[in-house]
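Worksheet: one structure, shown below.
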Amino acid sequence: MSHPYESIPDYARWRRACIFEVLSDVDPVVAFPLKITARDKVATAGSCFAQHISRYLKQSGFSVMVTEPAHPMLNDADVVAFNYGIYTARYGNIYTSRQLLQLFQRALGRFEPIDPYWTNGDRFIDPLRPTIQPDGFASLREYELDRSQHMAAVRRAIQELDILVFTFGLTEVWINRADGTAYPLCPGVCGGTFDPQQHVFVNLTAADVVADMTAAIALLREVNPAARVILTVSPVPLIATAENRHVQVSTTYSKSVLRVTAEELTKSLPNVHYFPSYEVITGNFARGCYFADDLRSVREEGVRHVMSLFFKHATDGSVVFAQTAPPTQSAETLNMRFMQRMEEVVEVLCDEDQLDELPRSAQQNGPSAVPTAGDFQAPV
Amino acid sequence: VICIGGSHTNAIALAVGDAERNIYVINLRNFTEAFVRTHETLTLRPDILDLIRSRNGPVFSFVGGNRHNRLGLVKHPRPFDFVLPGQPDLPLDPNAEIVPFDAVRNALERESECVLQQIWALSEQCGGSLTQVESPPPAVEAKILEHPGKSREYIRSNGVAYSMMRLRLWRVYCMIVRSFCERIGLRYLPAPPESMDAAGFLLPELTRNATHGNGKYGALVLQQLELAAA
């Protein structure tokens, strides 16, 4: 007797789709409809797993948008410490749909958080980017100017991007009761003071996340109608849960909600696609080997597996999948040239100061490369 | 009084002129490789050290007076500015991007590293009598633009960096050097207050060229040195 499973493709059968001798042969991506070209401006945002996506796209030569780049005077360590270039703008990790929605709303002048800053001694902390730089901001004015610069960078990103790659991270979020501000970290953890009267824990439901993301994508398309969206779900488990239950149970809930939401959004909104990086890392076929010893961080092999599939299915093949960083970028070169030139300028200025109208006593010995005649001395 | 350093010692030499004063100036720019690096240690050349020791007087260091100018004399291809925490309300370059103060300070610290090593070497070799003399305050823009030297065209075509940013950069640089000196127990002599205008720039009449004080400036510093040495 004939039945629908008789004719299903191999990828729909567990035995044929998931049992492979070589783990990297597992490929759960089927007919991904969007092909990123080298010309497409790709913006990235999301929880920490999104950093890997951003890194691989950049090192492979995709036009990953960075609208808030580090000034080239910063060295590599400070670029990382001050969270430049990790995502398109310097927003740090965006763990929840509520954060993404409010980021877009703030950038477009539709939302202003009730608590604009926190203080830590004489330092100022951005409640919505509490770890964006090592010790917070050195003055209130610096913080306000930086925030305004940051908002302009976010605005430019959402106006100009072709594709937004957003990685869902969590459903658990701390909210300000007064205005609904969604904090990336619970107040008190990395700045601010936790106040149970003011701060309330919310664990978003699938309906909440769908509503947030629908509103966020609507805002995005209000200013950029052609924007396309790729959603992924971070495979990284919760580091802690505020629910009174086992963290694994909370992780399962969060990831399930986010996965369901991604599915719903791809069905309800045009040009929104789901890329199954979550499945590549957490699938049974991986036997957990893509997680590091802390059973939480994703090993580089896992990231590489995800990104090789991303390049295979979500790009048009015009850019080669690269695992190493590209050569020095133009801004760094620009700075290097400037600093070299300025070294010469300053040296020349100092040399000229030597040569001009020195007192007679000095001129007698004069500038010289001969060590013994090197010093000059006013008469004693 | 022994003054040792680079081109900023010229202001002292100019101030002393041919007068008979007990001032001994050692300009390290007249030596090839005044400091010698062996492994991780920087040391003053033995013959220079002999010169210092032969005089047996208090030593004033002028080393490293221009490091901040590498970053901020001429307009950077990506103009930047930053807020000074102690004086947040000073005007900012409206055409520049704002860089976090901590990041600017880190960049200047990297720039200053070799200077701090030289100060350290001097302090180790000159004993406890060393005083670090502050770098002259930044010149006003007009004095930089009228600079006649080889760099004139480069400076004019690129433009002088925003004046208040230059002032801030100098202050941060001084702060780095000063706190280093305090850490290693050296005295630090700030630039003479009377050498500056109300904003903090070097008075034009005390300015020799784009980055140096003249003999009149040297004379003011000299007064400080003699007072400190007394």
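The values are calculated or read from the model by the stated rules, or taken from the named source; none is laboratory data. Everything quoted here is computed from the prediction, not taken from an experiment. Using ideal geometry, Cβ is built from the backbone for each residue, glycine included, and neighbour counts are taken over all protein chains shown. Note: areas computed on protein heavy atoms with side chains; ligands, DNA, RNA excluded. Shrake-Rupley method; radii C 1.70, N 1.55, O 1.52, S 1.80 Å.
Largest GNM mean-square fluctuation across A:Val229, A:Val30, A:Val257, computed for chain A with C-alpha springs under 10 Å, falls on A:Val30. Rounded to the nearest 10 degrees, the inclination of helix B:215-229 to the longest alpha-carbon principal axis of chain B is 50 degrees.
Note that the range A:118-126 has calculated 3J(HN,Hα) couplings of 10, 10, 9, x, 9, 9, 10, 10, 7 Hz, one per residue in order, obtained from phi through the Karplus relation 6.51 cos²θ - 1.76 cosθ + 1.60 (θ = phi - 60°); glycine and proline are x.
Label zone of B:Glu205 (point 7 Å out along Cα→Cβ, amide N under 20 Å): in the range B:1-23 this covers B:11-12, B:14-17. Shape class for the protein assembly as shown, computed from the alpha carbon gyration tensor (a ≥ b ≥ c): prolate, with a/c not under 1.5 and a/b above b/c. Taking amide H as placed 1.01 Å from N in the peptide plane, the amide H of A:Thr181 sits under 5 Å from that of A:Ile114, A:Asn176, each at least 5 places away or on another chain.
From most to least packed by mean Cβ count within 10 Å, the peptides A:71-80, A:217-226, A:239-248 give A:71-80, A:217-226, A:239-248. Bridge orientation summary for the protein assembly as shown: considering DSSP beta bridges with both residues in this region, about 40 percent are antiparallel. Amide H contacts under 5 Å for A:Arg228: A:Ile163, A:Leu164, restricted to partners 5 or more places along the chain or on a different chain, H placed in the peptide plane at 1.01 Å from N. Semi-axes of the equivalent ellipsoid of the range A:65-150 are 20, 17, 11 Å, computed as sqrt(5λ) over the eigenvalues of the C-alpha gyration tensor in descending order. The angle between the Cα long axis of helix B:46-55 and the longest principal axis of the Cα atoms of chain B comes to about 70 degrees, rounded to the nearest 10. The distance separating the Cα centre of the range B:22-46 from that of the range B:162-230 comes to 22 Å.
Here the Karplus relation 6.51 cos²θ - 1.76 cosθ + 1.60, evaluated at θ = phi - 60°, turns the backbone of the range B:34-42 into coupling constants of 5, 10, 10, 9, 10, 6, 9, 9, 10 Hz, with x for every Gly and Pro. Straight-line reach from A:Lys41: taking Cα to Cα under 29 Å and skipping same-chain neighbours fewer than 8 places apart, the lysines in range are A:Lys58, A:Lys255, A:Lys267, A:Lys312. What does the C-alpha gyration tensor say about the overall shape of the range B:66-179? Classify as rounded when a/c is under 1.5, otherwise prolate if a/b is larger than b/c, or oblate. Oblate, since a/c reaches 1.5 and b/c is not below a/b. The relative contact order of the range B:12-160 comes to 28 percent, based on Cα pairs under 8 Å that sit 6 or more residues apart. When peptides B:73-82, B:113-122, A:104-113 are ranked by their average number of other Cβ atoms within 10 Å per residue, the highest-first order is B:73-82, B:113-122, A:104-113.
Note on chain B: with a GNM built from Cα contacts shorter than 10 Å, the maximum mean-square fluctuation among B:Phe101, B:Phe201, B:Phe62 falls on B:Phe101. Converting the Cα gyration tensor eigenvalues of the range A:105-228 into ellipsoid dimensions via √(5λ) gives semi-axes, longest first, of 26, 20, 12 Å. Could you check how much of the accessible area of the range A:40-114 is carbon and sulfur, as a whole percent, using a 1.4 Å probe? Answer for the range A:40-114 is 51 percent, counting heavy atoms of protein chains only. Accessible area per residue for the range B:87-230, computed on protein heavy atoms with a 1.4 Å probe, is 41 Å². Over chain A, with a Gaussian network built from C-alpha contacts below 10 Å, which listed residue (A:Phe124, A:Phe310, A:Phe338) shows the highest mean-square fluctuation? Highest fluctuation among the options: A:Phe338. Legend: Rg and Dmax of the range B:125-186, from Cα coordinates, 15.9, 46 Å.
With 10 Å² as the minimum drop in accessible area between chain alone and full protein complex (1.4 Å probe), the qualifying residues in the range A:50-86 are A:Pro69, A:His71, A:Pro72, A:Met73, A:Leu74, A:Asn75, A:Asp78, A:Phe82, A:Tyr84.
One Cα centroid belongs to the range B:83-160, the other to the range A:1-41; the line between them spans 60 Å.
For the range B:204-213, 3J(HN,Hα) computed residue by residue from phi via the Karplus equation (6.51, -1.76, 1.60; θ = phi - 60°) reads x, 6, 9, 9, 8, 7, 4, 9, 10, x Hz, glycine and proline entered as x.
Using the rule -39500 (n - 2.57) for each DSSP H run of four or more residues, divided by the residues of the protein assembly as shown, the 222 nm mean residue ellipticity is -12500 deg cm²/dmol.
Below 28 Å, Cα to Cα, which lysines can B:Lys75 reach? Residues fewer than 8 away in the same chain don't count. Within the straight-line limit of under 28 Å, B:Lys75 reaches these lysines: B:Lys143, B:Lys150.
Taking amide hydrogens as placed 1.01 Å from N in the peptide plane, the amide H of B:Val160 sits under 5 Å from those of B:Lys75, each at least 5 positions away in sequence or on another chain.
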